[in-house]
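Undergrad: Supplied in structure tokens, the structure appears directly below.
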Amino acid sequence: MTRDPQWTIALPVGEDGMIGRVCPSCDQYFRLKPGTGLPTRVCNCPYCGFQGDSSEFTTPEQWEYARSVALRKAQDWIGKEIKRRFGPLSRRTRNSFIKLQVNYKPSHIPIRYYKEDELQTVIVCEECGLEFAVFDVFSRCPDCTRMTAMAMFANSLKHVRKHLALRLRIPAEDTEYLAEHLASTLSRLVAAFGALGKKLRHEFKDLLPDRPRNLFQNLDALDDVIQQLLGLHLRDLLKAGEYEKAYLLFQVRHLWEHNFGEIDDDFIRKTGCDPALLRTKYVVDPDDIQSGIDIIETLGKELYSQLSELKRPGVSA
């Protein structure tokens with residue numbers, strides 16, 4: 001009895017040696033380089049933290065590719081089996097009354113080749129050595145999950161800067177799309193600072209409170225916590241005027257996330273915006289976002305430095 005055939009199908013990798021992955025939980029896409037990192041089949045989503053077997057992270061395009069290759073191999077195997085089993089019956093004799101002939105003409109099954117998406121930010125984990133690429137702000141390494149807070153923060157800001165640079169491809173006359181793109185960049189900046197906060201809360205869990213959950217996306221609440229811990233305000237960690245710029249950007253991000261970018265009374269109250277602009281859309285300047293990235297980077301570094309000093313042996317909160 002012939003055993004059913006089995007095949008191993010290797011998925012193609014990109015020119016950079018990376019292979020695509022998609023999280024079955026949050027549906028976000030990333031890539032990693034096989035052979036780097038930990039020798040494990042366990043994979044962790046760098047965005048939401050979902051953990052599972054590597055096979056669970058196979059992309060739809062990879063499934064289509066594997067299916068098409070398997071069908072081609074099965075087709076070839078069937079053709080060979082028909083020829084092996086029925087080939088001897090397909091002989092013609094000159095005087096035979098009954099003639100039996102078996103023909104097999106396979107249909108063409110195209111191989112669905114695919115090209116990995118070109119992602120924005122390539123990262124090498126300093127803990128396990130995994131090389132991977134992300135398309136958005138992330139919070140962990142897909143292998144070891146132990147990426148340091150500041151390394152993760154620096155790479156997330158690298159992604160934000162690249163996202164901001166894409167605005168140069170948007171036609172100047174497409175003002176609405178440009179405004180939405182800049183708002184998306186701003187949202188990524190705030191998300192990067194929020195992701196840093198999650199890492200710092202884990203590292204300094206004896207110093208930073210669990211509530212509110214969005215502490216690092218609410219500068220008013222964060223300022224209160226830092227004032228109680230350090231006796232300083234956030235503005236004291238920055239140059240003159242920088243905190244006000246960062247605070248404005250966080251409020252603009254809130255407008256776009258929750259109010260379609262329209263200026264409301266709360267925004268006017270918190271930022272001192274001209275009341276005449278009520279119900280109009282706030283379009284942030286790209287240069288303001290660029291300087292905002294630098295300010296938030298400095299603020300993150302200063303916070304980490306201050307918290308590390310506070311946790312040093314012999315120093316009491």
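Undergrad: Can you tell me which residue among 191, 183, 195 is over 15 Å from residue 254 (Cα atoms), within 22 Å of the chain's Cα centre (by Cα) and part of a helix (DSSP H, G or I)?
TA: Of the residues listed, the single one that is over 15 Å from residue 254 (Cα atoms), within 22 Å of the chain's Cα centre (by Cα) and part of a helix (DSSP H, G or I) is 195.
Undergrad: For residues that are outside any helix (DSSP H, G or I) and either more than 30 Å from the chain's Cα centre (by Cα) or of a type in the set (S, T, N, Q) (or both), scanning just the range 233-262, find the one that is farthest from residue 296 (Cα to Cα).
TA: This residue is 259.
Undergrad: Being without any contact (Cβ under 8 Å) to a residue 40 or more places away in the chain and assigned to a helix (DSSP H, G or I) is the filter; apply it to the range 203-219 and report the residue that is nearest to residue 147 (Cα to Cα).
TA: Here the answer is 216.
Undergrad: Restricting to the range 263-317, give me the number of residues that are assigned to a loop (DSSP other than H, G, I, E, B), surrounded by 15 or more Cβ atoms within 10 Å (Cβ to Cβ) and either at positive phi or of a type in the set (Phe, Trp, Tyr) (or both).
TA: Here the count works out to 1.
Undergrad: Okay, moving on. Would you be able to tell me the number of residues in the range 28-53 that are without any contact (Cβ under 8 Å) to a residue 24 or more places away in the chain and under 17 Å from residue 133 (Cβ atoms)?
TA: Qualifying residue count for the region: 2.
Undergrad: Restricting attention to the range 1-54, and to residues there that are among the charged types (D, E, K, R) and more than 21 Å from residue 191 (Cβ to Cβ), which single residue is modelled with the lowest pLDDT?
TA: Checked the range 1-54; the qualifying residue modelled with the lowest pLDDT is 3.
Undergrad: Moving on to the next point. Among the residues of the range 244-262, write down those that are surrounded by 15 or more Cβ atoms within 10 Å (Cβ to Cβ) and free of Cβ contacts under 8 Å to residues at least 12 places away in the same chain.
TA: Matches in the range 244-262: 259 only.
Undergrad: Still on this structure, I have one more. Within the range 125-148, does at least one residue satisfy the condition of being hydrophobic (A, V, I, L, M, F, W, C), modelled with pLDDT of 90 or more and part of a helix (DSSP H, G or I)?
TA: Taking every residue of the range 125-148 in turn, none turns out to be hydrophobic (A, V, I, L, M, F, W, C), modelled with pLDDT of 90 or more and part of a helix (DSSP H, G or I).
Undergrad: Suppose we keep only residues that are within 30 Å of residue 144 (Cβ to Cβ), in contact (Cβ under 8 Å) with a residue 24 or more places away in the chain and among the polar types (S, T, N, Q) within the range 55-88. Which one would you say is surrounded by the most Cβ atoms within 10 Å (Cβ to Cβ)?
TA: The qualifying residue surrounded by the most Cβ atoms within 10 Å (Cβ to Cβ) is 62.
Undergrad: Pull out all pairs, ordered by first then second residue, where Cβ-Cβ is under 6 Å, the residues are six or more apart or on different chains, the first lies in the range 226-238 and is within 20 Å of residue 212 (Cβ to Cβ), and the second is of a type outside the set (A, V, I, L, M) and not in a helix (DSSP H, G or I).
TA: Final answer for the pair search is 227/233.
Undergrad: So the check is Cβ under 6 Å with 6+ separation or different chains; which pairs have a first residue in the range 129-141 that's surrounded by fewer than 23 Cβ atoms within 10 Å (Cβ to Cβ) and a second one that's charged (D, E, K, R)?
TA: Short answer, once both residue conditions are applied: 130/143; 131/33.
The values are calculated or read from the model by the stated rules, or taken from the named source; none is laboratory data. Here the structure is a predicted model, which is why all the values come from computation and not from measurement. We place every Cβ from the backbone using ideal geometry, glycine too, and count neighbours over all the protein chains shown.
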